[in-house]
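To start, the structure under review is shown below, and the notes come after it.
We did not get these values from a lab; they are worked out from the coordinates using the rules stated. This one's a predicted model, so the numbers in the text were calculated from it and none came from an experiment. Reconstructed Cβ throughout: ideal geometry from the backbone, glycine too, with neighbour counts over all protein chains shown.
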Amino acid sequence: MELKFYNTISGEKENFLPENKNNVKIYSCGPTVYNFNHIGNFRYYVFCDVLRRSLKLLGYTPDHSMNITDIEDKIIRDSLAENKSVEEFTQKWTQIFFEDLETLGIEKIEHYPKATESIPDMIDIIDKLEKRNMIYEKDGSVYYSISKFSGYGKLSKIDTTGMVSGTRYDTDEYEKEDLRDFVLWKAPKLEKEKFWETKYGNGRPGWHLECSAMIRKIYKSGIDIHTGGVDLLFPHHENEIAQSEGAYPEDKFVKTWLHCEHLLVEGEKMSKSKGNYYTLRDLLEKGYDKKSIRYLLLSYHYRTKLNFSLSRLEESKKAISKIQNTVDRVMEARSHENIQQKEPENFAKSAFEEFKNGISDDLNIAKSLGTVFDFLKTVNSGLDSGSLSAADLEDVAIYFKKINSVLAILDFEKKPETLVDEEIENLMAERAKARQDKNFKRSDEIRDLLLSRGILIEDTKTGVKWKRN
Ligand code: AMP
Ligand code: ZN
């Protein structure tokens, strides 16, 4: 089975052929740290995680980076408003971002470079572009002259005919219709704005430059995979290509471009500026659990738009329970909890191959999940009829552990047995007697035993009551 990705730049599904399978160089555009990320952003970060975990399951070793944009217009605006230094302000939001990643079961990756720690690398790129006569200065800022780069538009397929050279943009984000020279180095505009002293004058980097610089800094030359949300295709990624290939024309910059589609709310992109968003913490506070959120975000193919709704979160919860119930039954039927670190070889071998086939087809996780639900039926009927041998059970456990290395939603601990009502009533009576006799050691033991089986005891005006947790 060949791993295939839809490469945005070629517009085709291609076999994935990295330079070195044991060192797959991946760069993912990361967050601007000035506020909470919304779950639209997290759809993208979960996609990056599924990409990385799938590559590992398929036998590749990723060397993965995600940048932290810690200097930018909104950061300057909001840190000044709060009277904080850029460092203090961004530190807080960076930490919150990492906490949210952990909540969603997103793996730590190899590199998290920060823009503010890569200024010399950005200046290096400007130097190279200057030598090739591709930049100019205006009012203390430095601009990239896009007419000097013949490949401009090859990623976004923007039509460059009729392009007027010499008109400029200072802002980092703009629309396709606004095809203009973009800023590499920005002169300060506000009085207290943070700036660096460089040979191009006092200023700070444009957003596009940092990604080109970090890729060069970490990987020395080009990379195998570059990811981002579809909204980054233009101008951000187009400008990255112009900078990196303009500065280093001898190197191939990026082999495969992967773009994740948007999370929508009632047909519109979820975004901070529209105000139609939930943060991860909003949903957790409403009582939705983190696994359901992760599952919803990963279960739709990354190149399809995903319409978010709270009812879809409920459906995700049910889907997880369905898989988890079978995992629990399998774990219960085995005599131990250890699961070997290998691939399924017997009973679950073909189901595992089908799972891998799905993700190998341009990360078609929806297809993989379909095969999981089919396999659940086989396993459940084997458990019902008692026809699964000990070796079959081992293989199924290995299968679940393996698919969970991508899904990260399952739990493999044996659940403690629950008690029937009569047993609980008997223990409650014994506890009441123990308390009457002032045998608090025994009454505490009973309370702990009940708690360990998910039974809560409450002292109410009408006596002691119990309920299932
Ligand atoms: P930002 O911090 O705005 O640069 O966004 C971080 C990442 O989230 C980028 O890769 C965006 O493309 C992505 N993104 C933003 N909004 C959405 C959305 N509604 N759905 C999916 N991805 C998004
Ligand atoms: Zn970027």
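For the stretch 394-469, the list of trypsin sites (Lys or Arg not before Pro) that fall in a loop by DSSP and count at most 10 other C-beta atoms within 10 angstrom reads Lys438, Lys461. The listed peptides 40-49, 216-225, 81-90, 95-104, ordered by packing as a protection proxy, come out as 40-49, 216-225, 95-104, 81-90 (highest mean of other Cβ atoms within 10 Å first).
Angle of helix 119-131 to the longest C-alpha principal axis of the chain, folded into 0 to 90 degrees and rounded to 10: 40°.
Taken over the C-alpha atoms, the stretch 251-342 has Rg and Dmax values of 18.2, 56 angstrom.
Between Trp196 and Gly203, Arg204, the built amide H atoms are under 5 Å apart, and every one of these is 5 or more places off in sequence or on another chain. Annotation for Lys192 and Ala81: the two label points, set 7 Å from Cα along the Cα-Cβ direction, are 1.4 nm apart. The modelled label-to-label distance for the pair Ser385/Thr167, using points 7 Å beyond Cα in the direction of Cβ, is 7.2 nm.
Between amide H atoms placed 1.01 Å from N, distances below 5 Å from Ile223 occur with Val254, Lys255, all of them 5 or more places distant or on a separate chain.
For the chain, the longest principal axis of the Cα atoms and the long axis of helix 365-385 meet at an angle of about 10 degrees. A Förster distance of 45 Å, applied to the separation of the beta-carbon atoms of Tyr248 and Lys342, puts the FRET efficiency at 0.60.
Remark on the chain: hydrodynamic radius 25.4 angstrom, per the Kirkwood mean of 1/r across alpha carbon pairs. Partner lysines whose Cα lies under 23 Å from the Cα of Lys13, excluding those fewer than 8 positions away in the same chain, are identified as Lys4, Lys21, Lys25, Lys56, Lys154, Lys157, Lys252, Lys255, Lys305, Lys356, Lys367. Beta-bridge orientation, the chain: approximately 55 percent antiparallel, per DSSP, counting only bridges with both partners inside.
Any idea how far the Cα center of the stretch 286-351 sits from the one of the stretch 117-183, in Å? The stretch 286-351 and the stretch 117-183 have Cα centres spaced 45 Å from each other. Angle check, please: helix 86-103 long axis (alpha carbons) against the longest principal axis of the chain (alpha carbons), in degrees 0 to 90, nearest 10. It works out to around 40 degrees. Expressed as a whole number of Å, what is the distance separating the alpha-carbon centroids of the stretch 212-250 and the stretch 432-465? Rounded to whole Å, the Cα centres lie 63 Å apart. Note on Lys199: aspartates and glutamates with a C-alpha under 13 Å away, same-chain residues under 8 apart excluded, are Asp124, Asp127, Glu130, Glu137. Only bridges whose two residues both fall in the stretch 19-264 count here: according to DSSP, what percent of them are antiparallel, nearest 5? Around 40 percent antiparallel, to the nearest 5. Site pair Lys74 and Lys441 shows an inter-label distance of 6.1 nm when each label is modelled 7 Å from Cα along Cα→Cβ. Computed from the C-beta positions of Asp178 and Ser350 and an R0 of 60 Å, the FRET efficiency is 0.70 to the nearest 0.05. Sparse packing (at most 10 other Cβ atoms within 10 Å of the Cβ) combined with a DSSP loop state is found for the following GluC sites (Glu not before Pro) in the stretch 362-469: Glu413, Glu417. The stretch 1-154 gives an Rg/Rh value of 1.02, both radii derived from C-alpha positions and Rh following Kirkwood.
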